[in-house]
Amino acid sequence: MIFEGKDFQDKVKLKGDVLVIGSGCGGAVVAKELAEAGFEVIVFEEGGYYRPKEYYQFSPSQALRFMYRDYGGVPAVGLGDTPLILIQAGRCVGGSSVVNGGVCFRTPDYVIERWRKELGLESFDLKRMESIFERVEQEISVQPVPEHLLNKGVLKLREAAKKKGYSGHIIQRNVEGCEGCCRCIFCCPKDHKKSVLITYLEKAQNHGCRIYADFRVDKIKIKRGKACGIKGRILDRKTRRPVSSFEAEGKVVVLAAGGLASPIVLINNGIHRKLKAVGRNLTLHPGARVYGIFDEPILGWKGAFQS
C-alpha cells in the first residue's frame, strides 16, 4: 500500500522490521526481497507518488517539474578543473527508473574484480554476480532493442562505424513492447518500460510492504552504535514545504537514496566522521551530443530512445 503526505495532518509514528530510505532501483529491490522473506518493510520516499494514469498525461515540462529533482538538472561541481555537470535524477516513487532512458548493462568483470581485490568485497564473485544479473534482467524485462525501432541516426552511426572498422552492438533496455514514441525520460505513456514502480515495488506491496511518499528523512537514530529508527518531515507535494513530521522505529535501517542523496543523509547525521570516503569519490559519465548534416531527414525523436 502507498500512502501520501496529503493523507496526514498530524505527526506520524510508525514501526516495522526494516526501514528503507529511498524507493528507487536500490530501495525497491531491498523492499521486495525482504518483504517476500517475511519481514515487515516500510519504504520512505521524499518525492511524490504518481499513478500511471497521472503521468501518462504529463507534458515534458510537467514531468521535469513533478518527477525530477531540481527540474532535471542537479548541478555537480567537481574538484580542480572539473567542469560543472548537470545530473538528471528522479524524485518520485520508483526513483530514476521511472524517468530514465531504460538502458541496462551489466557491471563489467574488471570492475567487479577490482571491488574484490582492492576493496575486499569478496561477496562480489563473478559467478555469483552472473546469476544475480540474470535474475534482475528477468524481473524488469531486459532485452535488446528490436531492429525495427532503431533510429535513423543510430543506423547512420552503425554504418559509419562499420566502414571505419569499429565493432558494436545494440544496447539492452528494460522495455517490453516498445512503440518507439521516445518519451522514456518523461515517463513511458503505456508502461512498456518496466520501472521498479511497476515491478519490484508492486511485488513488495503484494507481500505487505508499506510505502510513504512525500516523507523526507532527516535524521537516523543511533542506539549503541546501531541504527534503530528515523525521523523526518512530511512535505506538501506542490510547495515542497514541511506540513508535519514523522518518526519510525525499526530493527534495521537501509539507506538507499542513491549516489547523490545517500551521502547527504550520512553527512547530515555525522555518520561520515568514521567513514572518510562518504561524500567523496563520486565519478560521473557525462554524455554529449554528436551532430551531423545528412542529405535525408534524420528525426532524432523517432524510434527507441538510446538504441
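The values are calculated or read from the model by the stated rules, or taken from the named source; none is laboratory data. Because the structure is predicted, anything quoted here is derived from the model rather than measured. Note that we place each Cβ from the backbone using ideal geometry, even for glycine, and neighbour counts take in every protein chain shown.
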**Report entry** segment 147-168, residues that are part of a loop (DSSP other than H, G, I, E, B) and closer than 11 Å to residue 307 by Cβ
**Finding:** 150, 151
**Report entry** Any hit, segment 207-214, residues being surrounded by fewer than 16 Cβ atoms within 10 Å (Cβ to Cβ) and of a type in the set (Asp, Glu)
**Finding:** no
Query raised in the report: Restricting attention to segment 143-156, which residues are surrounded by 11 or more Cβ atoms within 10 Å (Cβ to Cβ) and without any contact (Cβ under 8 Å) to a residue 24 or more places away in the chain?
Result: 155
Query - Extreme residue, modelled with the highest pLDDT, among residues of segment 125-146 that are part of a loop (DSSP other than H, G, I, E, B) and of a type outside the set (A, V, I, L, M, F, W, C) - result: 141
Report task. List the strands (runs of 3 or more DSSP E) that sit entirely inside segment 175-291 and contain at least 1 residues that are touching a Cys at 6+ places or on another chain (Cβ under 6 Å). Result -> 215-223
Report summary line: Checking 118, 122, 113 in turn, the sole residue that is acidic (Asp, Glu), more than 14 Å from residue 188 (Cα to Cα) and not in a helix (DSSP H, G or I) turns out to be 122
Query raised in the report: Can you tell me which residue in segment 266-307 is nearest to residue 77 (Cα to Cα), limited to those that are among the hydroxyl-bearing types (Ser, Thr, Tyr) and without any contact (Cβ under 8 Å) to a residue 12 or more places away in the chain?
Result: 283
Query raised in the report: Out of all the residues in segment 258-307, which are among the β-branched types (Val, Ile, Thr), surrounded by fewer than 17 Cβ atoms within 10 Å (Cβ to Cβ) and within 25 Å of residue 89 (Cβ to Cβ)?
Result: 264, 267, 271, 278, 283, 290
Query raised in the report: Mind checking which residues of segment 68-80 are at pLDDT 90 or above and closer than 18 Å to residue 188 by Cβ?
Result: 68
Query raised in the report: Within segment 157-182, restricting attention to residues that are without any contact (Cβ under 8 Å) to a residue 40 or more places away in the chain and under 26 Å from residue 55 (Cβ atoms), which residue is surrounded by the most Cβ atoms within 10 Å (Cβ to Cβ)?
Result: 181
Query - Selection count where residues are among the hydrophobic types (A, V, I, L, M, F, W, C) and in contact with a Lys or Arg (Cβ under 6 Å, 6 or more places away or on another chain), scope segment 208-234 - result: 1
Query raised in the report: Within segment 215-234, can you find the residues that are surrounded by fewer than 21 Cβ atoms within 10 Å (Cβ to Cβ) and among the hydrophobic types (A, V, I, L, M, F, W, C)?
Result: 222, 227, 228
Query raised in the report: Of (1) modelled with pLDDT under 95; (2) in contact with a strand residue (DSSP E or B) (Cβ under 9 Å, 6 or more places away or on another chain); (3) assigned to a helix (DSSP H, G or I), residue 96 satisfies all except one. Which?
Result: (1)
Query raised in the report: Of the residues that sit in segment 81-93 and are in a loop (DSSP other than H, G, I, E, B) and not β-branched (Val, Ile, Thr), which one is farthest from residue 188 (Cα to Cα)?
Result: 81
Query raised in the report: Do we find that residue 50 is surrounded by fewer than 17 Cβ atoms within 10 Å (Cβ to Cβ) and either at positive phi or among the aromatic types (Phe, Trp, Tyr) (or both) in this structure?
Result: no
Query raised in the report: Among the candidates 91, 106, which residue alone is surrounded by fewer than 17 Cβ atoms within 10 Å (Cβ to Cβ) and either among the charged types (D, E, K, R) or in contact with a His (Cβ under 7 Å, 6 or more places away or on another chain) (or both)?
Result: 106
Requested in this report: Report yes if residue 94 is in contact (Cβ under 8 Å) with a residue 60 or more places away in the chain and more than 22 Å from residue 205 (Cβ to Cβ), otherwise no.
Outcome: no
